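The values are calculated or read from the model by the stated rules, or taken from the named source; none is laboratory data. Keep in mind that what you see is a predicted model, and the values were worked out from it rather than measured. Positions of Cβ are generated from backbone atoms using ideal geometry, with glycine treated the same way; all protein chains shown enter the neighbour counts.
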Amino acid sequence: MKAIPAEYIPVLHPSKLEETVNQLDKVLSHVVTTGHARTEAYSNKAELIRKKTNYESAIKLTEADAFMGTQGEGKDQHGYVRDKKIFLNNDANRDAFRRASSASERTELANVNADIGYIDTQYAQANDAWQAAVESANIVKVKANLQSALLNFLSGRS
């Protein structure tokens, strides 16, 4: 067997091969860890979307009930919000009455929407970390493939 040419020694030195194997282990572990973090970041979103849909339905029902409970007709039509009489003689008053009637449900819906937004942000950050880990793994993979190809080339020499 012929000696390894000097220009290949920096790439094929046993310590370099061992370093590549260690790097492969580390990046694989990092890809798996960041993949789990990505999955975990998204895991509670389904429940929050269910809550969001329930609050949206509750808002519609509450507002419908409020309008069903209005009294009077025409300019004298009015409803009550927290013992305050609100005349429903224009769009602004009707909109205010509608929103005031469902204020608690709207607050809960806003909280759920905020939670969903937070989860989406966490997922985006976790996904970015996962993609960076995969890119790092690909770089180490290219290095390992280079070393493998070089060893195969040198082993075929006479």
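Report yes if some residue within the stretch 22-45 is acidic (Asp, Glu) and not in a helix (DSSP H, G or I); otherwise report no. Quick ask: steps written out before the conclusion?
From the stretch 22-45, those acidic (Asp, Glu) are 25, 40; that's our starting set.
Okay, now just the ones that are also not in a helix (DSSP H, G or I), so none.
Taking every residue of the stretch 22-45 in turn, none turns out to be acidic (Asp, Glu) and not in a helix (DSSP H, G or I).
Determine which member of the set Ala100, Ala126 is modelled with pLDDT under 95, in contact with a Lys or Arg (Cβ under 7 Å, 6 or more places away or on another chain) and surrounded by 13 or more Cβ atoms within 10 Å (Cβ to Cβ). So the residue among Ala100, Ala126 that is modelled with pLDDT under 95, in contact with a Lys or Arg (Cβ under 7 Å, 6 or more places away or on another chain) and surrounded by 13 or more Cβ atoms within 10 Å (Cβ to Cβ) is Ala126.
Scan the stretch 32-48 residue by residue and report those that are of a type in the set (A, V, I, L, M) and over 14 Å from Val134 (Cβ atoms). Spell out the reasoning first.
If we filter the stretch 32-48 for residues that are of a type in the set (A, V, I, L, M), which is where we start, we get 32, 37, 41, 46, 48.
If the condition is that a residue be of a type in the set (A, V, I, L, M) and over 14 Å from Val134 (Cβ atoms), then Ala41, Ala46, Leu48 are the ones that fit.
The set of residues from the stretch 95-154 being touching a residue at least 24 places away in the same chain (Cβ under 8 Å), among the hydroxyl-bearing types (Ser, Thr, Tyr) and under 30 Å from Ser57 (Cβ atoms) comprises Ser101, Ser102, Tyr123.
Note on the stretch 38-64: residues that are aliphatic (A, V, I, L, M), touching a residue at least 24 places away in the same chain (Cβ under 8 Å) and either closer than 10 Å to Ser102 by Cα or surrounded by fewer than 14 Cβ atoms within 10 Å (Cβ to Cβ) (or both) amount to 3. Annotation note: Cβ proximity below 7 Å between a residue of the stretch 5-28 that is under 16 Å from Phe153 (Cα atoms) and a residue that is not in a helix (DSSP H, G or I) (sequence gap 6+ or interchain) occurs for Leu12/Ile4.
Select from the stretch 132-158 the residues that are surrounded by 13 or more Cβ atoms within 10 Å (Cβ to Cβ) and not hydrophobic (A, V, I, L, M, F, W, C) and write down the one among them that is farthest from Glu40 (Cα to Cα). Ranking the candidates gives Gln147 first.
What number of residues within the stretch 77-94 satisfy the criterion of being in contact (Cβ under 8 Å) with a residue 12 or more places away in the chain and either surrounded by fewer than 14 Cβ atoms within 10 Å (Cβ to Cβ) or on the phi > 0 side of the Ramachandran plot (or both)? It would help to see each step written out before you state the result.
Of all residues in the stretch 77-94, those in contact (Cβ under 8 Å) with a residue 12 or more places away in the chain come to 77, 79, 81-82, 86-89.
After this cut, where a residue has to be either surrounded by fewer than 14 Cβ atoms within 10 Å (Cβ to Cβ) or on the phi > 0 side of the Ramachandran plot (or both) as well, the list is 82.
Of the residues in the stretch 77-94, 1 are in contact (Cβ under 8 Å) with a residue 12 or more places away in the chain and either surrounded by fewer than 14 Cβ atoms within 10 Å (Cβ to Cβ) or on the phi > 0 side of the Ramachandran plot (or both).
Farther than 30 Å from Asp25 by Cβ and out of contact with any Ser or Thr (no Cβ under 6 Å at 6 or more places or on another chain) - does that describe any residue in the stretch 124-134? No, the stretch 124-134 contains no residue that is farther than 30 Å from Asp25 by Cβ and out of contact with any Ser or Thr (no Cβ under 6 Å at 6 or more places or on another chain).
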